[in-house]
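Heads up: the structure comes next, in structure tokens.
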Amino acid sequence: QVQVQGPRIGRDASRHSRPRAPMQIQDECKARYDDIERTLVQADAQWRILEEQLEATEETFLLGRLDSWKKWFSLSKDELSQWAEGSLRQHVRSRLHGLLLGTLAGRMATQVGITPPPPEMLKEDADSGNLIARSSNQTLLGLLAHLRTAVRPLVEEARRQDEELAKKIRKTEKDERKKGVVALGMQDTKKVAALKRQRPEIWEEPARTLEKLVAPIKRLKEFTKEDCAPDKTASFARAVPVVVVRAVCDWYFQKSLLGYDQVAQWWSETKATLTADAQLWARLLEQEGVILGRIDSGIEDIGSGRRNYQLFASFGGTEEEVQNFLTSPMSMSGDPGDLPPKLLDTVHLLVNEVSQMHLRLKAMRDGALWRVVETAQAIHTELRRDDEVSATPWQAVAAEVGAAALAEALKLGGPWATGEQEQQQQEGECDVSEGALTVMRRVEDLSTTVGEIRCYLLDEDSHLGGPAAEGAAAVLQEFLGVVAGLEEDLLVVLDEPTAAEAESWLRSFSASFESSGLGRKLDVAMAALPLKADSALKAADRRTRTRLLSLARGLQVLVDDACFRAKVAWPLRVTAGLPDDGAAAGSPSSPKTAAAAAAELRKSLEISMPSSPRSGAAASGASYSFTPSRRRPQAGDEASAVSGVSGSAQPGAGGGAKASFIGAPWRPDTPSTATPEDSEGRLLSSKFVDGQFVPPRPGSGSLRLTPLASPSRRAGRAGSGSAGGGL
């Protein structure tokens with residue numbers, strides 16, 4: 001055992017030792033990388049703590065104010081747990097992150113001087129496992145992503161190459177010692193020295209990459225120390241209630257605004273449609289004038305609330321408003337987790353405006369609009385029924401139907417086209433005689449048609465004998481006289497097929513009908529016929545009469561409509577090379593009376609409820625959507641269904657509208673006060689209530705209460721000892 005003396009060792013060490021070398025480059029790179037990663041992880045953890053604090057404050061405030069949300073917006077607790085895209089909670093959380101955390105993250109990115117990477121790159125890094133952070137700070141995520149995807153591979157590759165180089169150096173030194181190769185003093189041999197000179201080259205690129213991160217990481221440390229200190233983040237928590245209540249109001253305001261635009265546009269279009277039928281609109285005003293006034297005033301009130309909202313929404317909605325709150329003395333007053341007392345008046349004004357908009361729109365959509373639609377549809381049905389009952393079979397035949405029937409009888413083609421003659425004329429294959437022959441055949445078919453109608457009117461099987469039938473037959477006989485004259489004039493054209501003769505016949509053709517007044521005479525005579533209803537005829541007789549009445553209407557169109565006449569005589573005009581007078585360019589039409597126009601409108605009148613913003617929001621590009629809890633029919637709803645206003649609400653009731661299918665209170669089993677006439681003809685039908693299909697309950701159609709007897713009848717029954725239908 002050798003005892004080493006301390007002083008000697010000290011003298012030997014001092015004699016052989018060199019000045020201490022600076023930290024090797026590989027050690028410096030490793031230490032710098034570990035320090036950068038540790039700083040980023042700590043900053044991310046501190047940021048996540050801030051997020052959790054703000055989100056916990058948001059959750060506490062929302063649940064603590066649940067009674068207020070129910071009072072203002074009829075909001076249920078279940079709706080606060082819905083996180084679907086466009087939901088209230090998703091909107092509030094996005095607003096909270098955007099105005100508080102987003103503003104702070106923006107200042108961090110500006111001070112650190114790092115541009116956050118695109119979100120898709122961060123998603124790829126998260127999917128690949130390169131990111132372990134879960135914060136919403138894009139700057140921290142970007143730095144971590146750059147460190148772990150771009151820098152760490154370089155450092156790990158340099159570390160691997162450095163370890164391989166160290167092994168190679170040790171092996172070389174061992175081999176040289178075995179060979180007796182020893183360097184002078186403490187120097188390395190040439191081979192070892194050459195290998196050690198490769199080490200700086202290995203760490204050159206990682207060192208250069210890490211050097212670029214030194215300044216941003218230093219600025220990040222300063223920012224987290226100053227702006228993310230506990231006292232600074234505590235003020236952020238005080239701003240959470242202000243941001244949350246503004247976000248809730250904005251969400252309901254945007255939803256109400258979308259619904260208001262839809263309802264206002266729907267009411268404008270529907271009102272224009274209803275007022276087009278004066279009789280329908282007059283009856284609707286008589287029955288539902290109060291409801292119509294409420295709709296107009298409700299739309300006006302919602303528009304006023306829309307303007308007032310912009311005046312009161314002056315807090316917690318933008319970055320500037322949040323910063324003004326954080327720097328004002330108001331932020332340090334009151335409970336940190338609740339609204340400041342000095343801001344309550346402004347909050348109540350804003351909440352009152354949006355709450356009134358929401359409740360008015362809900363009451364209007366669930367009550368008044370349904371009432372108007374149902375009443376208008378009922379009046380529309382009654383008017384159509386009255387039109388069908390009052391209209392005679394002759395009046396029921398439209399001019400278009402008559403024109404089509406006569407065009408088919410004259411073989412004009414569909415739709416009464418004359419393209420064949422035009423093509424043949426352009427190719428030089430037709431002359432005036434061919435056009436005249438074509439028109440002659442049509443005139444003969446016209447004469448046959450008139451004769452067939454006349455024979456039907458005078459036939460005993462038609463049961464139309466009498467002065468009216470004879471009068472209509474006389475008009476048709478006059479019609480035949482005009483057609484016979486046209487046939488004779490057309491023979492002249494066939495004898496001398498020239499353009500001049502053709503033009504002369506065409507003028508005579510138009511003048512014969514225009515000056516005869518046969519159209520009005522035929523309409524009056526046919527309207528005077530004692531025609532039975534279609535339901536009173538057999539099927540074969542009904543088809544025959546319908547066809548002949550259509551042909552008679554077509555004769556009236558021929559007399560009154562220059563366009564239809566031009567179609568009939570068009571082959572002669574085109575083959576003679578005569579210029580187009582423009583009459584054939586249009587389509588047959590006939591003037592309608594005001595009653596006929598109203599009846600035509602009633603056939604095509606379609607009104608329905610406006611689309612709901614709960615489903616139509618996405619289509620319009622809005623970022624707000626709303627899905628209320630569905631209401632289910634309750635037991636004992638027969639009484640509500642019998643009321644005939646299924647799914648309607650009673651406007652003006654306190655606390656919003658109440659749908660009629662919600663269970664009605666109990667009432668004694670008293671006879672109804674309605675008269676027998678009131679209870680007849682009221683049929684229950686399925687309804688769509690707030691977008692939900694509500695069918696009538698089985699057997700509810702037979703639930704009718706007997707009417708109260710008149711006082712005289714009750715007295716008579718009482719005198720005879722019979723029961724009076726009491727309770």
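List of remarks:
- Candidate set: the range 186-202, residues that are of a type in the set (A, V, I, L, M, F, W, C) and part of a helix (DSSP H, G or I); chosen: the one nearest to the chain's Cα centre (by Cα): Ile202
- Residue count for the range 113-167, restricted to those that are modelled with pLDDT under 60 and of a type in the set (Lys, Arg): 2
- Within the range 293-308, restricting attention to residues that are of a type in the set (Asp, Glu) and in contact with a helix residue (DSSP H, G or I) (Cβ under 9 Å, 6 or more places away or on another chain), the residue that is nearest to Ser268 (Cα to Cα) is Asp296.
- Within the range 316-340, the set of residues being in contact (Cβ under 8 Å) with a residue 40 or more places away in the chain and polar (S, T, N, Q) comprises Thr318, Gln323, Ser331.
- Among the residues of the range 203-215, at least one is open to solvent by less than 70 Å² (accessible area, probe 1.4 Å), under 28 Å from Leu143 (Cα atoms), part of a helix (DSSP H, G or I) and among the small types (Gly, Ala, Ser).
- Hits in the range 364-392 (condition: exposed (fewer than 14 other Cβ atoms within 10 Å of the Cβ) and hydroxyl-bearing (Ser, Thr, Tyr)): Thr381, Ser390
- Index of the failed condition, Val182 passing every other in (1) part of a helix (DSSP H, G or I); (2) farther than 22 Å from Gly316 by Cα: (1)
- The numbered conditions (1) open to solvent by 60 Å² or more (accessible area, probe 1.4 Å); (2) in a helix (DSSP H, G or I) are all true for Trp83 except (2).
- Number of the exception - Glu58 against (1) of a type outside the set (Phe, Trp, Tyr); (2) open to solvent by 80 Å² or more (accessible area, probe 1.4 Å); (3) modelled with pLDDT of 90 or more: (2)
- Lone qualifier among Ala500, Ala511, Ala473, Ala527 - being more than 21 Å from Val574 (Cβ to Cβ) and exposed (fewer than 15 other Cβ atoms within 10 Å of the Cβ): Ala527
- Count - residues of the range 313-327 that are touching a helix residue (DSSP H, G or I) at 6+ places or on another chain (Cβ under 7 Å), surrounded by fewer than 19 Cβ atoms within 10 Å (Cβ to Cβ) and assigned to a helix (DSSP H, G or I): 2
- Filter result (among the charged types (D, E, K, R) and modelled with pLDDT under 90) within the range 455-486: Asp459, Glu460, Asp461, Glu470
- Residue identified as touching a residue at least 12 places away in the same chain (Cβ under 8 Å), closer than 20 Å to Leu350 by Cα and in a helix (DSSP H, G or I) among Glu51, Glu58: Glu58
- Restricting the first member to the range 543-562 and to residues that are buried (at least 24 other Cβ atoms within 10 Å of the Cβ), and the second to residues that are of a type in the set (A, V, I, L, M) and part of a helix (DSSP H, G or I), the beta-carbon pairs closer than 6 Å and six or more apart or on different chains are Ala552/Ile453; Ala552/Met526; Gly554/Ala403; Gly554/Ala405; Gly554/Leu406; Val557/Ala399; Val557/Ala403.
- Every residue from the range 328-363 that is of a type in the set (A, V, I, L, M, F, W, C) and open to solvent by less than 10 Å² (accessible area, probe 1.4 Å): Val347, Leu350, Val351, Val354, Met357
- Among (1) surrounded by 15 or more Cβ atoms within 10 Å (Cβ to Cβ); (2) within 15 Å of the chain's Cα centre (by Cα) - the single one Val244 does not satisfy: (2)
- Residue satisfying all of: in the range 266-300; of a type in the set (Gly, Ala, Ser) and in a helix (DSSP H, G or I); least open to solvent (accessible area, probe 1.4 Å) among these: Gly298
- When every residue of the range 240-261 is checked against the conditions, at least one turns out to be assigned to a helix (DSSP H, G or I) and among the polar types (S, T, N, Q).
- Some residue of the range 216-233 being open to solvent by less than 80 Å² (accessible area, probe 1.4 Å), touching a residue at least 24 places away in the same chain (Cβ under 8 Å), closer than 30 Å to Ala45 by Cα and small (Gly, Ala, Ser): no
- Filter result for Thr110 (open to solvent by 80 Å² or more (accessible area, probe 1.4 Å), part of a loop (DSSP other than H, G, I, E, B), over 17 Å from Val243 (Cβ atoms) and modelled with pLDDT under 90): no
- The residues of the range 531-547 that are part of a loop (DSSP other than H, G, I, E, B) and among the charged types (D, E, K, R), listed by number, are Lys532, Lys538.
Yes/no matrix, rows are residues, columns are (1) within 26 Å of Leu274 (Cβ to Cβ); (2) within 27 Å of the chain's Cα centre (by Cα):
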site	(1), (2)
Arg306	yes, yes
Ser314	no, no
Phe325	no, no
His380	yes, no
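The values are calculated or read from the model by the stated rules, or taken from the named source; none is laboratory data. Given the structure is predicted, the values throughout are model-derived calculations rather than measurements. Please note: Cβ atoms are built from the backbone with ideal geometry, for glycine as well, and neighbour counts cover all protein chains shown. Areas reflect the complete protein model, heavy atoms only, side chains present, ligands, DNA and RNA absent. Shrake-Rupley method; radii C 1.70, N 1.55, O 1.52, S 1.80 Å.
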